[in-house]
Amino acid sequence: MCGIVGIAGTRDVAPVILEALKRLEYRGYDSAGIATLEAGKIDRRRAPGKLNKLGAVLQDRPLHGHTGIGHTRWATHGKPNETNAHPHATAQVAIVHNGIIENFRELRDELAAKGHVFESETDSEVAAHLVTDYMAQGLAPDAAAKKAVARLTGAYSIAMIFTGHDGLLVGARKGAPLAVGYGDTEAYLGSDAFALAPFTNRVSYLEDGDVVVIRGPEAAIFDAAGRPANREIKVTAAAVALVDKAGHSHFMAKEIHEQPEVVGHTLAHYLDPAGPTVRHLGVGLRETLAKASRLTICACGTSYYAGQVGKYWFEKLGRLAVEIDVASELRYRNPVYPKDGAALFISQSGETADTLAALREAREQGQTIIAIVNVPESSIAREADIVLPTYAGPEIGVASTKAFTCQLAALASFAIAAGVARGELSDIDEQRLCTSLLEAPRHIAAMLRGEGQARALGEEIAKARDVLYMGRGASFPLAMEGALKLKEISYIHAEGYAAGEMKHGPIALIDEAVPIIVIAPHDVHFEKTISNMQEVMARGGKVLLISDSDGIAKAGDVWASLEVPKTNAFVTPILYAIPVQLLAYYAAIAKGTDVDQPRNLAKSVTVE
Ligand code: M6R
C-alpha cells in the first residue's frame with residue numbers, strides 16, 4: 001500500500017527521499033511523487049508507474065530544497081496517473097496520504113462551495129484543501145493541520161509541508177502506520193522503520209489520533225485530545241542495507257529458498273531441542289490457553305489460511321474450540337465472544353487494516369489478544385497482550401511464502417503448548433510432536449534441492465486457463481493457499497476446495513484442460529482424498545498429485561506427481577506448502593508476469 005517519507009533536513013532532500021521510497025517499493029504501488037520547499041515555495045514531481053519513471057523526471061527537472069515529502073501510491077480512488085499521484089498541493093500546502101478518507105465527498109462538496117478547485121479524483125486531495133481553508137481563516141500551519149485531520153474519518157497517515165515554512169513537517173496517524181525518526185540535525189517521517197533505517201535507528205511510532213509537528217530536528221507529538229504526548233523512542237533493528245535478491249531472479253525465489261533457515265529460526269525460538277519441548281511462549285499464555293473456552297482466529301489472505309491450518313491443530317491437539325474468520329467479515333458481523341476467550345490475530349506485516357480493526361473489536365469484547373506477527377514493531381504487535389513472533393525476516397515479494405511457513409511453525413508450537421496446558425498431551429506426546437517439527441527445515445531443504453520437477457510442472461500449469469486444488473483436513477487450507485498463490489502471481493484462475501466438496505458442484509468444471517492439484521499426504525484422510533481424486537479422473541481430469549512416496553505408489557496412474565518427504569501427519573502442512581509455492585512461482589515465470597509486484601496487489605494492506 002502507499003508509502004510515505006518526509007524529511008525536515010539540512011541537505012537537498014529529493015534524491016534522499018527517492019532512495020527511501022525505494023525501500024517502500026515492496027509494499028506495492030502504481031505511481032509516485034515528491035514535493036519539496038525550494039526557497040520557501042512548494043514544487044513537486046510526479047509520475048505514474050515505478051520509481052525509475054519518477055527518477056527520470058527528477059533527472060530532467062531536479063527538485064531542490066531541504067524539506068520534502070515523498071509517496072508511493074497504491075490507487076484506491078482514481079486511476080494511477082500523474083494527476084492522481086501524490087503529493088497533492090495547493091499554493092499553501094502539499095500532502096501525502098496513505099489510507100482512505102471516508103468522508104471526502106462531503107468535505108469536497110463543502111470546500112468546492114467555498115471556491116476550492118480540485119484537480120484529481122482522489123480522496124486525499126481534500127486534506128490539502130481543508131488545511132488550506134483553515135490557514136485562510138488565520139490558523140498557523142500546524143494548528144490548521146490539527147483541525148483538518150480531526151475532521152477526517154476513515155484511516156490515514158499523512159505528511160505535510162507548508163509554503164514559507166522551511167523545516168516544518170507535520171504528520172498525523174489514524175489507522176495507518178507512521179513512524180517519526182530522530183537524527184542529529186534532521187527529523188523524518190516514514191511508513192515504517194525500514195524506510196528510515198538509512199537515516200536513523202531512533203524511531204517512535206505514532207498512535208491513533210496523534211499529530212507530530214517537526215521543526216528542524218525537534219519533534220513534538222500531540223495525542224487525539226491535543227495534549228503533548230510522549231511516545232517512546234525505540235532503537236530499531238531495521239536493516240540499513242536494502243534487502244537484495246542474493247543471486248535469485250526474484251525476491252519470491254529467494255524467500256522460498258530461505259525457508260529451511262527461517263523456519264528453523266522460528267522453531268528455535270519456540271522449541272527447546274533438549275527435550276524436545278515447547279519453551280515458555282510468553283507471560284500468561286499457558287494460563288490463557290488452559291482456561292480459554294474458545295479461541296477466535298482472525299487474519300487475511302495467506303495469514304488466514306495459516307490460521308485455518310491452526311484450527312485443525314488446536315482442535316486436535318488441545319481440544320480447544322476454534323472460531324475463525326477473515327478479518328473483513330469478523331469485524332463487522334458482531335460475533336459472539338465468550339467470557340474467558342482468547343483471540344489470535346495472524347499477520348506478516350502487522351499492519352493489515354482489517355486485522356488491526358478486528359483486534360481492537362475483540363479487545364473491547366474482553367478477549368485476551370494474542371498475535372503472531374513477523375514485524376515486531378508493527379501496530380498489531382504493539383497492541384497485543386501476548387506476541388508470538390515469526391522470524392521470517394523482511395518479506396519483500398508480494399506473494400507470501402516464508403512468512404506463511406513461519407506462521408505455521410509458530411502455530412504448530414503454540415498448538416502443542418495448548419495441548420499440554422489443557423492436559424490433552426502427555427510429555428511423550430509433546431516430545432514426539434516437537435521432534436517431528438524440528439525435522440521440518442531439513443525436509444524443506446531436501447525438497448528445494450529437487451525443485452526441477454516443480455519447475456517443469458509449473459511450466460505445464462502455466463498453459464491452463466483454470467486450475468483446481470483440493471485437499472482434506474489441514475490440506476484443505478493448503479489447497480486454498482495454493483490457489484491464492486497461483487492466481488496472485490500468474491493471473492491464472494484457480495480455486496481451492498475441500499476434496500469432499502468437489503462432487504457438490506465444482507466437479508462440473510472438470511475436463512481435460514483443467515489441471516487438478518491434489519494435496520494428499522499419506523495420512524488418515526488419504527483413502528478418502530484418493531477416492532475424490534478418482535471421481536475427478538473418471539471425468540477426464542488431469543491430476544497432479546502431491547504426496548509422499550507411499551501415497552504416490554498407492555494412488556496409481558496420475559498425470560503427474562510431486563513427492564514430499566515422509567513425516568508425521570502433524571507436520572505435513574509446513575512441508576506441502578513448498579511444492580505449492582514452487583508450482584505457482586514457475587507458472588508465473590513461464591507466463592512472464594511481474595512475480596514480486598503482481599498487478600493490482602500491495603504487500604501491506606493498510607486500507608479496508
Ligand atoms: O501482512 P498480512 O499477513 O496481514 O497480510 C495479509 C494478506 O494481505 C496477505 O497474506 C496476502 O494475501 C498475500 N499477498 C498473499 O500472498
* **Considering residues of segment 312-353 that are within 16 Å of the ligand (Cβ to nearest atom), open to solvent by 10 Å² or more (accessible area, probe 1.4 Å) and not in a helix (DSSP H, G or I) only, the residue nearest to GLN407 (Cα to Cα)** => GLN348
* Asked: Just one of the numbered conditions (1) more than 21 Å from ALA8 (Cβ to Cβ); (2) polar (S, T, N, Q); (3) at pLDDT below 95 is not true of GLN59; which one?
  -> (3)
* Structure fact -> Those residues of segment 575-591 which are away from the ligand (no atom under 11 Å from the Cβ), open to solvent by less than 40 Å² (accessible area, probe 1.4 Å) and small (Gly, Ala, Ser) amount to ALA577, ALA587, ALA588
* Answer residue from segment 396-427, given it is in a helix (DSSP H, G or I) and near the ligand (Cβ under 9 Å from one of its atoms) and is farthest from ASP596 (Cα to Cα) among those -> GLN407
* Residue that is farthest from the ligand (Cβ to nearest atom), among those in segment 371-385 that are surrounded by 24 or more Cβ atoms within 10 Å (Cβ to Cβ) and not aliphatic (A, V, I, L, M) -> SER379
* Asked: What strands (runs of 3 or more DSSP E) lie completely within segment 1-84 and have 2 or more residues being without any contact (Cβ under 8 Å) to a residue 40 or more places away in the chain?
  -> 41-48
* Quick one: would you say ARG45 is among the basic types (Lys, Arg), open to solvent by less than 30 Å² (accessible area, probe 1.4 Å), out of contact with any helix residue (DSSP H, G or I) (no Cβ under 9 Å at 6 or more places or on another chain) and under 26 Å from ALA145 (Cα atoms)? -> no
* Right, VAL278: hydrophobic (A, V, I, L, M, F, W, C), at pLDDT below 95 and open to solvent by 20 Å² or more (accessible area, probe 1.4 Å) or not? -> no
* Residues satisfying the stated conditions in segment 322-381, i.e. over 23 Å from GLY284 (Cα atoms) and hydroxyl-bearing (Ser, Thr, Tyr) -> SER328, TYR332, SER349, THR352
* Structure fact -> Of the residues in segment 354-370 that are touching a strand residue (DSSP E or B) at 6+ places or on another chain (Cβ under 9 Å) and over 28 Å from GLY190 (Cα atoms), the one that is nearest to the ligand (Cβ to nearest atom) is ALA362
* Structure fact -> Going through (1) buried (at least 24 other Cβ atoms within 10 Å of the Cβ); (2) part of a helix (DSSP H, G or I); (3) among the hydrophobic types (A, V, I, L, M, F, W, C) one by one, VAL467 fails only at (2)
* To do: Give the residues of segment 378-400 that are farther than 14 Å from LEU356 by Cβ and not β-branched (Val, Ile, Thr), sorted by residue number.
  => ASP385, LEU388, PRO389, TYR391, ALA392, GLY393, PRO394, GLU395, GLY397, ALA399, SER400
* Does LYS528 qualify as being open to solvent by 30 Å² or more (accessible area, probe 1.4 Å), farther than 23 Å from GLU258 by Cβ and free of Cβ contacts under 8 Å to residues at least 12 places away in the same chain? -> no
* Is it true that some residue in segment 492-500 is in contact (Cβ under 8 Å) with a residue 40 or more places away in the chain, within 16 Å of the ligand (Cβ to nearest atom) and open to solvent by less than 40 Å² (accessible area, probe 1.4 Å)? -> yes
* Asked: What is the residue count in segment 98-139 for residues that are open to solvent by less than 50 Å² (accessible area, probe 1.4 Å), within 23 Å of GLY226 (Cα to Cα) and either of a type in the set (A, V, I, L, M) or in contact with a Cys (Cβ under 7 Å, 6 or more places away or on another chain) (or both)?
  -> 10
* What's the number of the condition VAL398 fails, among (1) at pLDDT 95 or above; (2) open to solvent by less than 20 Å² (accessible area, probe 1.4 Å); (3) of a type in the set (Val, Ile, Thr)? -> (1)
* Kindly list, by first and then second residue, each pair from a residue in segment 199-210 that is under 18 Å from GLU186 (Cβ atoms) and at pLDDT below 90 to a residue that is open to solvent by less than 60 Å² (accessible area, probe 1.4 Å) and not in a loop (DSSP other than H, G, I, E, B), limited to pairs with Cβ atoms under 8 Å and residues at least 6 apart or on different chains. => ASN201/ALA193
* To do: Of the conditions (1) within 16 Å of the ligand (Cβ to nearest atom); (2) part of a helix (DSSP H, G or I); (3) open to solvent by 10 Å² or more (accessible area, probe 1.4 Å); (4) touching a residue at least 24 places away in the same chain (Cβ under 8 Å), GLY393 clears all except one; give me its number.
  => (2)
* Structure fact -> Over segment 432-463, the set of residues of a type in the set (A, V, I, L, M, F, W, C) and assigned to a loop (DSSP other than H, G, I, E, B) is ALA462
* All but one of (1) free of Cβ contacts under 8 Å to residues at least 24 places away in the same chain; (2) in contact with a helix residue (DSSP H, G or I) (Cβ under 9 Å, 6 or more places away or on another chain) hold for LEU425; which doesn't? -> (1)
* Structure fact -> Just one listed residue, out of ASP557, ASP523, ASP594, is surrounded by fewer than 24 Cβ atoms within 10 Å (Cβ to Cβ), within 16 Å of the ligand (Cβ to nearest atom), among the charged types (D, E, K, R) and modelled with pLDDT under 95, and it is ASP594
* To do: Considering every residue within segment 87-97, establish whether at least one is among the β-branched types (Val, Ile, Thr), in contact (Cβ under 8 Å) with a residue 40 or more places away in the chain and over 18 Å from SER157 (Cα atoms).
  => yes
* Asked: So which residues in segment 153-172 are surrounded by 24 or more Cβ atoms within 10 Å (Cβ to Cβ) and modelled with pLDDT under 95, if there are any at all?
  -> TYR156, SER157
* To do: Select from segment 354-370 the residues that are buried (at least 24 other Cβ atoms within 10 Å of the Cβ) and in contact with an Asp or Glu (Cβ under 8 Å, 6 or more places away or on another chain) and list them in ascending order.
  => LEU356, LEU359, ILE370
* Asked: So which pairs qualify, if the first residue must be in segment 313-340 and at positive phi, the second must be hydroxyl-bearing (Ser, Thr, Tyr), the Cβ gap must be under 7 Å, and the two must be at least 6 apart or on different chains?
  -> ASP340/SER293
* Output yes when any residue across segment 470-488 is touching a residue at least 40 places away in the same chain (Cβ under 8 Å), away from the ligand (no atom under 15 Å from the Cβ) and part of a strand (DSSP E or B), and no when none is. => yes
* Got at least one residue in segment 444-452 being open to solvent by 30 Å² or more (accessible area, probe 1.4 Å), more than 16 Å from the ligand (Cβ to nearest atom) and in contact with a strand residue (DSSP E or B) (Cβ under 7 Å, 6 or more places away or on another chain)? -> no
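The values are calculated or read from the model by the stated rules, or taken from the named source; none is laboratory data. Just so it is clear, the structure is predicted and the values come from calculations on it, not from any experiment. Cβ atoms come from the backbone with ideal geometry, glycine included; neighbour counts cover every protein chain shown. We work out accessible area using only protein heavy atoms, side chains counted, and drop any ligands, DNA or RNA first. Shrake-Rupley method; radii C 1.70, N 1.55, O 1.52, S 1.80 Å.
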